[in-house]
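Data first, discussion second: the structure below is written as structure tokens.
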Amino acid sequence: MVYDAQNLSLAEYLDRWSDTIRGTLAPKTVRRHDELTRIHIKPALGKVKLSKLNPLQVQSFYRVKLNEGFSAATVVKIHSTLSKSLKQVVRWRLVPLNVCESVTPSRVARTEIAPLDDQQMNALLETAEGTELYALFVCALTPPRVIQLMSHLYICFICDVAVLLIERLGGCPFAGVEEDRLDRYLAKTLFEVP
């Protein structure tokens, strides 16, 4: 099989690739690929001939990006863009191998989000007191209290406001209900609790 990269540099190829993906991907995705290519890939690897690009160069490029202070998540996005573009170059038979398949980007560290403890919630509320956002923080940090009156009728106390909820479909409100399903209820504010 004959592979002919036509003496293309990576930058020249990426420009052609960018033109071909327009209309096949969402405009936002195309913009993101273009941005990563323009800001990160072309300045570092753009002059390298497509046929001469090797895994060591790409792996070293990722290490430089991390050393410059970019997050592992950004490097993974750069890797994704470069890998997708080089996957196409193999399909077009310009080179025999996608060098990104031989490279491992850094892993993105997964951190578990911890809820605020009582002391942190109090500190947040004290800081927000007197601002426009105070009521919002109080509501966000106060769990709703639900009292079932009848089969499909509930009173919910949220931030000392009593709200009457009449369920349309079945099941207790706020018990694992996704936000977009709250339209299941007809709500009417009854009164503010003194």
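The rows are residues; the columns are (1) among the polar types (S, T, N, Q); (2) assigned to a helix (DSSP H, G or I); (3) under 30 Å from Gly23 (Cα atoms).
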{"residue": "Asp34", "(1), (2), (3)": "no, yes, yes"}
{"residue": "Ile39", "(1), (2), (3)": "no, yes, yes"}
{"residue": "Pro43", "(1), (2), (3)": "no, yes, yes"}
{"residue": "Lys47", "(1), (2), (3)": "no, no, yes"}
{"residue": "Leu56", "(1), (2), (3)": "no, yes, no"}
{"residue": "Ser60", "(1), (2), (3)": "yes, yes, no"}
{"residue": "Leu66", "(1), (2), (3)": "no, yes, no"}
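Mind listing whichever residues of region 38-71 are surrounded by fewer than 16 Cβ atoms within 10 Å (Cβ to Cβ) and among the aliphatic types (A, V, I, L, M)?
Scanning region 38-71 gives Ile39, Leu56, Val64, Leu66.
Given the conditions (1) of a type outside the set (Asp, Glu); (2) over 17 Å from Leu8 (Cβ atoms); (3) touching a Lys or Arg at 6+ places or on another chain (Cβ under 7 Å), and given that Asn98 satisfies all but one, which numbered condition is not satisfied?
(2)
Go through region 93-129 residue by residue and tally those that are within 20 Å of Pro55 (Cβ to Cβ) and outside any helix (DSSP H, G or I).
Of the residues in region 93-129, 11 are within 20 Å of Pro55 (Cβ to Cβ) and outside any helix (DSSP H, G or I).
Please specify each residue of region 76-123 satisfying the condition of being open to solvent by 80 Å² or more (accessible area, probe 1.4 Å), on the phi < 0 side of the Ramachandran plot and modelled with pLDDT of 85 or more.
Those that are open to solvent by 80 Å² or more (accessible area, probe 1.4 Å), on the phi < 0 side of the Ramachandran plot and modelled with pLDDT of 85 or more: Lys77, Lys84, Lys87, Arg91, Trp92, Pro96, Leu97, Glu101, Thr104, Gln119.
Determine, yes or no, whether Thr24 is farther than 30 Å from Arg110 by Cβ, open to solvent by 20 Å² or more (accessible area, probe 1.4 Å) and under 23 Å from the mean Cα position of the chain (by Cα).
yes
The values are calculated or read from the model by the stated rules, or taken from the named source; none is laboratory data. For clarity, every value in this text was computed on a predicted model and none was experimentally measured. Don't worry about glycine lacking a Cβ; one is built from the backbone with ideal geometry, like all the others, and counts go over all protein chains shown. Accessible surface areas use protein heavy atoms only, side chains included; no ligands, DNA or RNA. Shrake-Rupley method; radii C 1.70, N 1.55, O 1.52, S 1.80 Å.
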